[in-house]
Amino acid sequence: MLLGYLLKRLTKDVHKIPYVSTKTHLPESTIAEDTAQSLPVVTVDYLLPTTSDQAHKSVPKIVEDKFMINVSMLQDELQNFVSATSDIQGAALVSPDGLALASVLPGGMDEERTAAMSASMLSLGERIGHELVRGNVERIVVEGEKGYGVLVACGSDAVLLVLASAGVKQGLLFLEVKRAVARIAPLLA
């Protein structure tokens with residue numbers, strides 16, 4: 001109750017200050033040199049007082065221009081990955097909370113269930129790795145009589161599930177998965 005009262009008082013006082021916008025950009029040294037990667041632009045708006053007795057009350061307000069992940073580019077990258085490698089049967093890119101971002105799965109597989117299971121398996125695998133003092137989990141491999149399911153983290157924002165046939169050579173599979181992650185991760189940043 002006290003917190004609500006304080007917030008109400010603060011917002012009331014801030015709205016009394018006249019607003020004059022002066023946009024300033026971050027220094028050039030903070031901008032990445034890789035122009036292929038799209039970075040958000042952060043601008044700072046200052047609430048500038050109009051009278052000299054309020055000069056010490058300027059309040060910065062930070063505004064960040066957001067950008068969206070291009071889902072069609074993710075879908076195309078997964079499609080190219082699956083179609084370019086003969087032993088890869090499907091792939092799905094999943095958020096850490098179990099929601100599908102993009103997928104190219106074999107017929108009959110439910111995208112939502114696959115996404116939820118993938119995120120759960122990676123989370124459980126990371127916890128097991130931590131409890132067994134094995135360090136960071138690089139990948140989780142599920143080997144069955146019909147093939148492999150490989151889970152890898154794709155940055156902190158996604159999990160990549162790759163489904164492969166039983167005849168695939170594991171070394172080549174892991175190499176292809178590593179290359180796919182290197183192509184997909186920048187699209188998520």
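A short reminder: the numbers here are calculations on the coordinates, not readings from a lab. Note that the structure is a prediction, hence the values are computed from the model and not measured. When we count neighbours, we look across all protein chains shown, and the Cβ atoms used for this are built from the backbone with ideal geometry, even at glycine.
Summary of values
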item: Full-extension gain in nm, ALA182 to ALA116, via 0.36 nm per residue minus C-alpha separation; result: 21.5 nm
item: LEU160, LEU101 arranged by Cβ crowding within 10 Å, fewest neighbours leading; result: LEU101, LEU160
item: Environment charge at SER103 (Cβ cut-off 15 Å; Lys +1, Arg +1, Asp -1, Glu -1); result: -4
item: Neighbourhood net charge (11 Å Cβ-Cβ; Lys/Arg +1, Asp/Glu -1) for LYS169; result: -2
item: Positive minus negative residues near ASN136 (Lys, Arg vs Asp, Glu; Cβ under 14 Å); result: 0
item: Total charge dipole magnitude, segment 71-188, about the Cα centre, Cβ charges on Lys, Arg, Asp, Glu only, Debye to nearest 20; result: 320
item: Residue-span extension gain [ASP157 to VAL71] - 0.36 nm each, minus C-alpha spacing; result: 29.6 nm
item: Other-chain or far-sequence residues with amide H under 5 Å of GLY90's (modelled H); result: LEU163
item: Residues with amide H under 5 Å from that of SER103, placed H, sequence gap 5 or more; result: LEU93
item: From phi via Karplus (6.51, -1.76, 1.60), per-residue ³J(HN,Hα) for segment 173-184 in Hz, x at Gly/Pro; result: 4, 5, 5, 5, 5, 4, 5, 5, 4, 5, 7, 7
item: Distance between modelled label sites at ARG139 and LEU124, nm, 7 Å Cα→Cβ extension; result: 2.1
